[in-house]
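> Sending over a structure as structure tokens; questions will come in a sec.
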Amino acid sequence: MSTTLAMKSSQSQASIADENLVRSNWTTEEVKDVFHTPLLDLIYRAATVHRQFHDPKNVQQCTLLSIKTGACSEDCSYCPQSARYDTPVTPEPLMNIEAVKMAAKIAKDAGSTRFCMGAAWREVKDNEAFEQVLTMVREVAALKMEVCCTLGMLTPEQAVKLKEAGLDAYNHNLDTGEQYYDQIITTRTYQDRLNTIKNVRAAGITVCCGGIIGMGESENDRIDLIHTLATLPEHPESVPVNALVPVEGTPLADQPVVSIWEMLRMIATARITMPKARVRLSAGRVRMSVAEQAMCFLAGANSIFTGEKLLTTANPDFDEDKNMLDLLGLNQGA
Ligand code: SAM
Ligand code: DTB
Ligand code: SF4
């Protein structure tokens, strides 16, 4: 066989093997085995899968903007935007369209390719505010950025309207494993969340769905969360892994800080079980060193939230992240 033919044949075999790694039939025991692999072996395996499916030099930068802040009716015990807790967040009404456009342009100029607009709502209502959000989606899409929203629960019809406006992705997290969920939120169910994810998928919008660690959950709850995500009929295209940002006034304010080792285990397990997903190193980066974040990229994270704020809490600023990406040789020439 000629060298070219041999190369082609081995490439096609590799891609067959790759597809076999994308499975929705993971058992809980299998996910548990992956999760409990000795840490350096786990990272090595995740790094290998990462390189089979992605360019490891590419890290997506997604900028968040809180377009409607605080005064939320829900009781999510991690969230500084719930009206039930006395937190440092000052409620703000829906932003105007020009201000959102300006924020998206600044993010694009700083290297972000995706822009995610978040609202402190339980659910979307069919009102003027939703019409305004649809206009924001159209305006950000016109800047040739990927557009994402996170607005709470959605009906199938609302998802279709967002798709028609040009929405690429919708973020709606499961937050934790099903068994632990009612310790964290009582005002909507796990099934409500799964229904929204189904509605998003049915409208042809890509799914961004992950969770938070450090809320007092057990390792089995973390394994359950990954198992649920990895056994959805289609894996989410992005999986945010958040470390709890404990905020004064919330019921979880005194939780101990999540260690880098816990973060790495979660990221690597997500990478191995959902090989094609963008695994996003999300909340909690502000407390992590560059060396710690580098290990997260090695373990398969290939996206970050950029901009000096997440929704309401601190995040590294654009310059700090640019320095980190340059130092690590990521996104060069992008
Ligand atoms: N209100 C909408 C909802 O709940 O879907 C959208 C915004 S909500 C703030 C988006 C996600 O941010 C939550 O599902 C949660 O996973 C994450 N989040 C909120 N507060 C957090 C915190 N203190 N630490 C880490 N993640 C947090
Ligand atoms: C996600 O999983 N994490 C982001 C985004 N999706 C919307 C939000 C993190 C919020 C952290 C707390 C705050 O800044 O209010
Ligand atoms: Fe409201 Fe979303 Fe915060 Fe829950 S996570 S309190 S729904 S803003």
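> State all residues of the range 152-180 that are within 14 Å of the chain's Cα centre (by Cα) and within 16 Å of ligand 3 (Cβ to nearest atom); if no residue qualifies, say none.
Passing the criteria: Tyr170, Asn171, His172, Asn173, Leu174, Asp175, Thr176.
> Is it the case that some residue within the range 245-257 is open to solvent by 10 Å² or more (accessible area, probe 1.4 Å) and outside any loop (DSSP other than H, G, I, E, B)?
No.
> Taking the options Val257, Val286, name whichever one is among the β-branched types (Val, Ile, Thr) and within 13 Å of ligand 2 (Cβ to nearest atom). Let's see the steps before the verdict.
Numbers: Val257 fails: within 13 Å of ligand 2 (Cβ to nearest atom).
Only one candidate passes the filter, namely Val286.
> With the condition kept exactly as written, say whether any residue in the range 302-309 is away from ligand 1 (no atom under 16 Å from the Cβ), within 29 Å of Thr27 (Cβ to Cβ) and open to solvent by less than 50 Å² (accessible area, probe 1.4 Å).
yes
> I've got another one for you. Looking at the range 121-140, which of the residues that are hydrophobic (A, V, I, L, M, F, W, C) and over 22 Å from the mean Cα position of the chain (by Cα) is least open to solvent (accessible area, probe 1.4 Å)?
Here is the first cut: in the range 121-140, the ones hydrophobic (A, V, I, L, M, F, W, C) are 121, 124, 129-130, 133-134, 136-137, 140.
Those still in the list that are over 22 Å from the mean Cα position of the chain (by Cα) too: 129-130.
On the way: Ala129: 24, Phe130: 3 Å².
Among those that are hydrophobic (A, V, I, L, M, F, W, C) and over 22 Å from the mean Cα position of the chain (by Cα), it is Phe130.
> Taking the stated definitions as given, is Glu157 more than 14 Å from ligand 1 (Cβ to nearest atom) and touching a helix residue (DSSP H, G or I) at 6+ places or on another chain (Cβ under 8 Å)?
Details: more than 14 Å from ligand 1 (Cβ to nearest atom): yes; touching a helix residue (DSSP H, G or I) at 6+ places or on another chain (Cβ under 8 Å): no.
Spelling it out, it is not the case that Glu157 is more than 14 Å from ligand 1 (Cβ to nearest atom) and touching a helix residue (DSSP H, G or I) at 6+ places or on another chain (Cβ under 8 Å).
> Count, please, the residues in the range 103-115 that happen to be hydroxyl-bearing (Ser, Thr, Tyr) and open to solvent by 10 Å² or more (accessible area, probe 1.4 Å).
Within the range 103-115, the subset hydroxyl-bearing (Ser, Thr, Tyr) is 112-113.
Restricting the remaining residues to those that are open to solvent by 10 Å² or more (accessible area, probe 1.4 Å) gives 113.
Number of matching residues: 1.
> Here's a follow-up. How about the range 20-54: which of its residues are among the charged types (D, E, K, R), loosely packed, with under 11 Cβ neighbours inside 10 Å and either at pLDDT below 95 or under 24 Å from Ser259 (Cβ atoms) (or both)?
So in the range 20-54, the residues among the charged types (D, E, K, R) come out as 23, 29-30, 32-33, 41, 45, 51.
From what's left, loosely packed, with under 11 Cβ neighbours inside 10 Å: 29, 41.
Asp41, the sole residue that qualifies.
> Please enumerate the residues belonging to the range 310-326 that are open to solvent by 30 Å² or more (accessible area, probe 1.4 Å) and either assigned to a strand (DSSP E or B) or under 16 Å from Asn58 (Cβ atoms) (or both).
The answer is Ala314, Lys322, Asp326.
> What is the number of the single condition among (1) open to solvent by 50 Å² or more (accessible area, probe 1.4 Å); (2) assigned to a loop (DSSP other than H, G, I, E, B); (3) of a type outside the set (Val, Ile, Thr); (4) in contact with a Leu (Cβ under 8 Å, 6 or more places away or on another chain) that Asp86 does not meet?
(4)
Each row is one residue, and each column tells you yes or no for (1) within 30 Å of Ile223 (Cβ to Cβ); (2) more than 15 Å from ligand 2 (Cβ to nearest atom).
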| site | (1), (2) |
| --- | --- |
| Ile97 | no, yes |
| Trp121 | no, no |
| Cys148 | yes, no |
| Lys161 | no, yes |
| Leu167 | no, no |
| Ile184 | yes, no |
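> Report the residue count in the range 31-65 for those that are within 19 Å of Asp175 (Cα to Cα) and either within 16 Å of ligand 1 (Cβ to nearest atom) or polar (S, T, N, Q) (or both).
Number satisfying all stated conditions: 1.
> Please work out if Gly118 is surrounded by 16 or more Cβ atoms within 10 Å (Cβ to Cβ), assigned to a loop (DSSP other than H, G, I, E, B) and of a type outside the set (A, V, I, L, M). It would help to see each step written out before you state the result.
Details: surrounded by 16 or more Cβ atoms within 10 Å (Cβ to Cβ): yes; assigned to a loop (DSSP other than H, G, I, E, B): no; of a type outside the set (A, V, I, L, M): yes.
So Gly118 does not fit the description; no.
The values are calculated or read from the model by the stated rules, or taken from the named source; none is laboratory data. Keep in mind that what you see is a predicted model, and the values were worked out from it rather than measured. Note: ideal-geometry Cβ built from the backbone for every residue, glycine included; neighbour counts use all protein chains shown. Accessible surface is based on the protein model in full, side chains and every heavy atom, while ligands, DNA and RNA are left aside. Shrake-Rupley method; radii C 1.70, N 1.55, O 1.52, S 1.80 Å.
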